[in-house]
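The values are calculated or read from the model by the stated rules, or taken from the named source; none is laboratory data. Keep in mind that what you see is a predicted model, and the values were worked out from it rather than measured. For neighbour counting, all protein chains shown are included, and Cβ atoms are generated from backbone atoms with ideal geometry for every residue, glycine included. Just the protein is used for accessible areas: all its heavy atoms, side chains included, with ligands, DNA and RNA removed. Shrake-Rupley method; radii C 1.70, N 1.55, O 1.52, S 1.80 Å.
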There are 2 protein chains.
Amino acid sequence: MSAFKTLNDHDLELMPHRKRGRLVNALSGFKSVNLIGTTNDDGIHNLSIVSSVVHLGSDPALLGMVLRPPVDRERGSHTYWNIRETGCYTINHVPCTHTVQAHQVSARYPESKSEFEAVGFTPIYRCGFDAPAVKESPVRIGLERVDEWEIPQNRCRFVVGQIRWVEFPEDAFAADGYLDIESLGVAAMSSLDGYHRTDKIHRLAYAKPEVYPPGVMQDFKAGWRDG
Amino acid sequence: MSAFKTLNDHDLELMPHRKRGRLVNALSGFKSVNLIGTTNDDGIHNLSIVSSVVHLGSDPALLGMVLRPPVDRERGSHTYWNIRETGCYTINHVPCTHTVQAHQVSARYPESKSEFEAVGFTPIYRCGFDAPAVKESPVRIGLERVDEWEIPQNRCRFVVGQIRWVEFPEDAFAADGYLDIESLGVAAMSSLDGYHRTDKIHRLAYAKPEVYPPGVMQDFKAGWRDG
């Protein structure tokens, strides 16, 4: 490992805007990569890509995500305005085989153009939701907007949704509730534009002070489904 | 891919507590894994593991994280109370070589016991911060608490911090600001207990509607530093 570089807040401020954006986006660590499916009142679909979905709780089942400061609908923020109008959206995991298409969704298409069509994803409908899900995604989640906060420092919005339905291939669902998203080929992200496959190390047992090191509950390499 | 299983919110409610926790924790996609370093007023260090750090903005540089509903200090929530008392904390990426130690940090040690000592991490100090960083971590970040929200549905806290300093090995920092956390061996997580290495696919160029498919900016496999 090479010499460490230390930057303070002043160094960060002086950094060119895009360079700082790439660095700070890498500092949270690896990120999820998800497609957000919505529809407007005229039935025109929208698909956007986000790397900020975060688990907020399991009871009730809540996921949060960060959206950029909304601008007027004519100028953009279609995901945000569609969620405000219809109250619902889908979160769809991106498989490693579709990172190029998923990334292309971030291009600024006009509202009249569905990104599903522009990029080649297939909309599907579940459980009476108006918001379309992505057929090519192995994990599809339907959410209802339950809360929203404005981040005062930068006017971004933190949107909180409650899970109304979820679907995934049955084989990936372990008896203890673990969903093996790696076996489904789900991608991970770094910074603004880095896409990664994953390679399992292990699952570790619930940690207790008196047991150290903790047991390797399931050694993926040895075939964890038999573990 | 096997047949899809669809669960609605009622199915989720009926699921046993721990099983639902494992499933819902997998539904955001891959997650970061970070050690949070803090100190109390008596100088006793605390280290906790979180998988909920999320990028909130680059200007100013903000990271958020979700902490469980705080209980009285005597009963736990040491990370939360230490941040409230001292106003600062560190976020430290977990390398794949240290996932067993990092996971063990989640065991319920008493406040008088430093997890650094219990588990074998080395505290280091930077830029006048009282909160210790983790020497074994390749990416260490010092943050000052600037905001906090209570999630009304479950009383969890969303803590917002502004980056005051950051350090990482210089070789991993590309000229355009991209920090190559995979080359630093940083781990990713799935659900509550799955640890993963990553394997780069590509970095993709800024997407434009008229250019499709987008250019592969840097093909990692071909040696991206020459790209």
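Would you confirm, using the coordinates I've provided, whether B:Glu111 is charged (D, E, K, R) and without any contact (Cβ under 8 Å) to a residue 12 or more places away in the chain?
For B:Glu111, the condition - charged (D, E, K, R) and without any contact (Cβ under 8 Å) to a residue 12 or more places away in the chain - is not met.
Of all residues in segment A:169-192, which are open to solvent by less than 10 Å² (accessible area, probe 1.4 Å), more than 18 Å from B:Pro95 (Cα to Cα) and part of a loop (DSSP other than H, G, I, E, B)?
Selection gives A:Gly177, A:Tyr178, A:Asp180, A:Ile181, A:Ala187.
Please go through (1) outside the structural domain of A:Gly128 (by TED's automatic domain parsing); (2) under 17 Å from the mean Cα position of the chain (by Cα) for A:Ser2 and return the number of the only condition it doesn't satisfy.
(2)
What do you reckon, is B:Phe158 out of contact with any Pro (no Cβ under 7 Å at 6 or more places or on another chain), within 11 Å of chain A (Cβ to nearest Cβ), touching a residue at least 60 places away in the same chain (Cβ under 8 Å) and aromatic (Phe, Trp, Tyr)?
Answer is yes for this residue.
For segment B:122-143, how many residues meet the condition of being without any contact (Cβ under 8 Å) to a residue 60 or more places away in the chain and outside any strand (DSSP E or B)?
10
Out of segment B:32-72, which residues are over 20 Å from B:Arg126 (Cβ atoms) and of a type in the set (Gly, Ala, Ser)?
B:Ser32, B:Ser51, B:Ser52, B:Gly57, B:Ser58, B:Gly64
When you check A:Arg157 against the structure, is it in the same structural domain as A:Leu35 (by TED's automatic domain parsing), basic (Lys, Arg) and buried (at least 22 other Cβ atoms within 10 Å of the Cβ), yes or no?
Criteria not met by A:Arg157.
Conditions first: (1) open to solvent by less than 10 Å² (accessible area, probe 1.4 Å); (2) in contact with an Asp or Glu (Cβ under 9 Å, 6 or more places away or on another chain); (3) within 9 Å of chain A (Cβ to nearest Cβ). B:Arg140 passes all but one, so which condition is the exception?
Evaluating B:Arg140 over (1) open to solvent by less than 10 Å² (accessible area, probe 1.4 Å); (2) in contact with an Asp or Glu (Cβ under 9 Å, 6 or more places away or on another chain); (3) within 9 Å of chain A (Cβ to nearest Cβ) leaves (1) as the failure.
Taking segment A:161-179, which residues are in contact with a Lys or Arg (Cβ under 8 Å, 6 or more places away or on another chain), under 22 Å from B:Gln153 (Cα atoms) and touching a residue at least 40 places away in the same chain (Cβ under 8 Å)?
A:Gly161 - this is the single residue of segment A:161-179 that is in contact with a Lys or Arg (Cβ under 8 Å, 6 or more places away or on another chain), under 22 Å from B:Gln153 (Cα atoms) and touching a residue at least 40 places away in the same chain (Cβ under 8 Å).
Filter segment A:57-96 down to residues that are within 10 Å of another protein chain (Cβ to nearest Cβ) and out of contact with any strand residue (DSSP E or B) (no Cβ under 9 Å at 6 or more places or on another chain) and give me whichever is nearest to B:Tyr212 (Cα to Cα).
Selected residue: A:Ser58.
Going residue by residue through segment A:178-191, is there one that turns out to be more than 7 Å from chain B (Cβ to nearest Cβ), at pLDDT below 95 and touching a Ser or Thr at 6+ places or on another chain (Cβ under 9 Å)?
Looking through segment A:178-191, none of the residues is more than 7 Å from chain B (Cβ to nearest Cβ), at pLDDT below 95 and touching a Ser or Thr at 6+ places or on another chain (Cβ under 9 Å).
Take the residues in segment B:66-87 that are under 19 Å from the mean Cα position of the chain (by Cα) and of a type in the set (A, V, I, L, M, F, W, C); name whichever of them is nearest to B:Ser32 (Cα to Cα).
Among those residues, the one meeting the criterion is B:Val66.
Out of curiosity, is B:Val146 open to solvent by less than 20 Å² (accessible area, probe 1.4 Å) and part of a strand (DSSP E or B)?
No, not satisfied.
Answer yes or no as to whether A:Ser106 is out of contact with any strand residue (DSSP E or B) (no Cβ under 9 Å at 6 or more places or on another chain) and in the same structural domain as A:Ile36 (by TED's automatic domain parsing).
No, not satisfied.
Going by the structure shown, is A:Val105 touching a residue at least 12 places away in the same chain (Cβ under 8 Å) and surrounded by fewer than 19 Cβ atoms within 10 Å (Cβ to Cβ)?
no
Could you check segment A:136-167 and list, in sequence order, the residues that are more than 16 Å from the chain's Cα centre (by Cα) and of a type in the set (Lys, Arg)?
Result: A:Arg155, A:Arg164.
When the residues of segment A:1-15 are narrowed to those that are part of a helix (DSSP H, G or I) and at the interface with another protein chain (Cβ under 7 Å from one of its Cβ atoms), which ends up nearest to B:Ala205 (Cα to Cα)?
Among them, the one singled out is A:Leu12.
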